[in-house]
């Protein structure tokens with residue numbers, strides 16, 4: 001794992017809080033919500049049709065939200081809705097009705113950046129909890145205190161906050177602190193980037209971000225003397241100054257073989273540092289990725305669930321398990337680091353090299369049924385697989401085994417040479433018991 | 001006809017402040033990088049007090065820029081700083097972080113507060129919300145268009161400030177992006193080598209060879225600026241008619257001589273309009289004066305004034 005290296009530095013703060021933190025997972029649609037909850041999330045956050053920052057995600061209708069809330073309730077889990085845009089004038093009408101709707105379908109909390117949505121929620125549906133979004137880039141205790149006084153029980157801190165700063169904040173203000181612990185990161189202060197607006201007229205703060213920070217740039221130094229700043233007309237009459245017009249004195253600060261400049265960051269991964277996060281008093285561990293796959297959500301939630309439970313059960317004998325690291329890697333999109341928790345990121349924390357292909361594993365099938373007597377499972381096909389392939393089964397609480405795909409049949413009992421059809425129900429013998437919601441993955 | 005708006009200019013030094021005062025600026029935004037973001041230069045508290053004296057003697061105002069995202073560590077110093085600003089007699093303080101608002105209430109309740117959250121000051125209701133918390137002015141996001149700006153004026157319960165000229169910040173990170181890149185390249189960074197404003201660094205995106213985006217680092221991290229300069233001069237009368245209270249000319253990363261010309265031109269346009277709004281006509285010579293000194297590699301544009309953004 002790449003989270004190690006220079007950042008290994010044991011946090012030395014004292015442990016003063018032993019309540020179990022919440023594991024908060026992203027859910028881009030209803031199916032992802034179910035997986036997140038089943039694999040151990042205490043709460044999920046979703047987007048509605050309006051006011052959210054992921055206009056590219058599926059997002060939930062009210063009816064889907066209701067169903068998601070019902071499903072989560074069976075597990076004792078909560079559903080939050082991200083209403084985290086910075087509103088423009090035209091967005092203002094309709095906020096009240098929308099918030100009432102969210103409350104009526106049983107949403108536990110909204111995650112908000114724009115104070116006018118906070119204010120409206122407090123006024124119109126005071127029973128609906130309001131959490132301050134990371135988009136506010138809150139990084140000090142005095143600002144946290146301000147939001148607490150505004151009636152917010154929880155603040156999602158800016159990703160620039162270190163563990164030490166989090167501890168100071170917890171010591172000054174009695175408020176729930178939520179922190180991102182895993183997933184992709186803005187390299188800017190959240191909300192303080194309009195690259196997308198400038199490059200493509202897409203409004204980043206209303207969900208239109210086109211990730212310009214991950215594009216490639218060249219770095220130059222402008223060595224034109226100030227006198228070169230003349231009009232084109234003047235330049236035409238002056239051959240000496242004309243050269244500056246042509247960029248002659250603009251020096252590239254890179255060589256041909258160098259990687260391009262980029263602002264793109266490695267992804268955050270705190271699996272190796274769960275005790276530190278719990279000890280400083282982070283109340284909610286947030287996983288990023290409403291746009292990510294079911295496989296990602298289930299895998300990542302599964303691992304953090306186990307780590308948190310293990311530490312809380314016996315902090316003194318807690319050991320980081322190698323298998324957790326291996327599992328997390330299987331859902332990794334990019335190289336990872338520890339963000340700002342231990343230090344301000346440096347040159348090793350960006351992705352200058354061409355990005356390698358994402359995730360080495362595919363979600364191949366979902367276990368629907370299992371017959372204990374015969375050892376035959378019914379698998380819903382989610383990606384191509386065929387006899388002879390090495391596959392892995394995994395389920396909640398870290399259940400896991402590998403096997404080779406043997407014979408496979410369709411539901412009518414016809415033997416197949418491959419599972420080709422999306423969502424087709426395939427029968428196969430499995431080496432160990434499995435259950436509904438267990439997942440089958442294969443190496444790409 | 002509304003009232004004459006203030007012409008506001010950030011100044012990087014007392015020399016600049018004097019010069020811009022002579023060009024017709026009504027108000028100044030000054031401060032230091034430790035507390036304020038993206039300033040053209042640093043003023044010590046003593047210099048701020050001096051600036052206030054100079055400006056007040058000529059009927060101009062001075063606002064202190066305290067719009068950083070504040071760390072825990074800075075909170076303590078911030079208390080003293082706010083007291084110093086109040087003692088210096090500044091006419092207002094620009095803030096973005098609610099911590100500044102909290103501290104101002106405690107140690108300097110007499111200070112006027114201007115809410116400036118940069119890209120995220122995007123609607124009148126939120127501006128009024130900050131008004132209810134004690135702000136007397138909102139600095140509107142530069143990503144708003146003319147319709148949005150003009151339609152919000154009647155709804156605003158506090159003053160509004162709009163940038164009419166110059167570059168804008170489009171990305172701010174706490175990371176040292178330039179130094180990180182150089183370290184990645186294996187480039188040796190000299191002890192006195194600057195990656196700050198004075199170095200003239202810029203980025204070119206692979207598919208936009210004509211656009212140059214200035215980039216620099218300071219104690220607040222890395223700042224990337226727009227490749228074009230806003231220039232609303234041609235349609236200034238629309239903002240004047242809309243009753244915007246303050247018009248800002250951004251001076252950062254420009255030579256003083258350039259800023260002087262720009263300030264004079266806007267001063268003239270505003271005065272001409274208010275002498276007789278009915279008869280007001282845009283004078284091509286005004287913008288021509290700016291074009292004469294405009295960096296040919298930076299487009300004068302309407303920014304987002306006439307853009308529709310999608311999301």
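For the stretch A:423-444, state whether one or more residues are under 19 Å from residue A:332 (Cα atoms), loosely packed, with under 15 Cβ neighbours inside 10 Å and at pLDDT below 95. Within the stretch A:423-444, one or more residues are under 19 Å from residue A:332 (Cα atoms), loosely packed, with under 15 Cβ neighbours inside 10 Å and at pLDDT below 95.
Yes/no per residue for (1) under 17 Å from the mean Cα position of the chain (by Cα); (2) buried (at least 17 other Cβ atoms within 10 Å of the Cβ); (3) not assigned by TED's automatic domain parsing to the domain that holds residue B:10:
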{"site": "B:58", "(1), (2), (3)": "no, no, no"}
{"site": "B:78", "(1), (2), (3)": "no, yes, no"}
{"site": "B:85", "(1), (2), (3)": "no, yes, no"}
{"site": "B:89", "(1), (2), (3)": "no, no, no"}
{"site": "B:102", "(1), (2), (3)": "no, yes, no"}
{"site": "B:106", "(1), (2), (3)": "no, no, no"}
{"site": "B:109", "(1), (2), (3)": "no, no, no"}
{"site": "B:113", "(1), (2), (3)": "yes, yes, no"}
{"site": "B:117", "(1), (2), (3)": "yes, yes, no"}
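Just for helices (runs of 4 or more DSSP H) wholly inside the stretch B:109-224: which have at least 3 residues that are within 30 Å of residue B:242 (Cβ to Cβ)?
Where helices (runs of 4 or more DSSP H) fall fully within the stretch B:109-224 and carry at least 3 residues being within 30 Å of residue B:242 (Cβ to Cβ), they are B:124-132, B:146-152.
The residue list B:175, B:137, B:199 contains one member that is within 8 Å of chain A (Cβ to nearest Cβ), surrounded by 16 or more Cβ atoms within 10 Å (Cβ to Cβ), touching a helix residue (DSSP H, G or I) at 6+ places or on another chain (Cβ under 9 Å) and at pLDDT 95 or above, which is B:175. Among the residues examined, residue B:285 qualifies as without any contact (Cβ under 8 Å) to a residue 12 or more places away in the chain and assigned to a helix (DSSP H, G or I). Going by the structure shown, is residue B:303 within 21 Å of residue A:199 (Cβ to Cβ) and in contact (Cβ under 8 Å) with a residue 12 or more places away in the chain? In short, yes. Considering the stretch A:117-204, the qualifying helices (runs of 4 or more DSSP H), each wholly inside and each with 3 or more residues that are within 15 Å of residue B:71 (Cα to Cα), run over A:141-149, A:163-172. From the list B:220, B:169, the lone residue that is in contact with a strand residue (DSSP E or B) (Cβ under 9 Å, 6 or more places away or on another chain), within 11 Å of chain A (Cβ to nearest Cβ) and crowded, with 20+ Cβ neighbours inside 10 Å is B:169. Do you know which of the residues in the stretch A:107-140 that are in contact with a helix residue (DSSP H, G or I) (Cβ under 6 Å, 6 or more places away or on another chain) and surrounded by fewer than 24 Cβ atoms within 10 Å (Cβ to Cβ) is nearest to residue A:180 (Cα to Cα)? Per the criteria, the residue is A:128.
The residues on offer are A:193, A:210, and the sole one that is touching a strand residue (DSSP E or B) at 6+ places or on another chain (Cβ under 6 Å), within 22 Å of residue A:355 (Cβ to Cβ), more than 9 Å from chain B (Cβ to nearest Cβ) and free of Cβ contacts under 8 Å to residues at least 24 places away in the same chain is A:210. Just so you know, in the stretch B:1-17 the residues that are over 17 Å from the mean Cα position of the chain (by Cα) and within 21 Å of residue B:269 (Cα to Cα) include one that is surrounded by the fewest Cβ atoms within 10 Å (Cβ to Cβ), and it is B:3.
The values are calculated or read from the model by the stated rules, or taken from the named source; none is laboratory data. Predicted model, so just to flag it, every value in this text is computed and none were measured. Cβ atoms come from the backbone with ideal geometry, glycine included; neighbour counts cover every protein chain shown.
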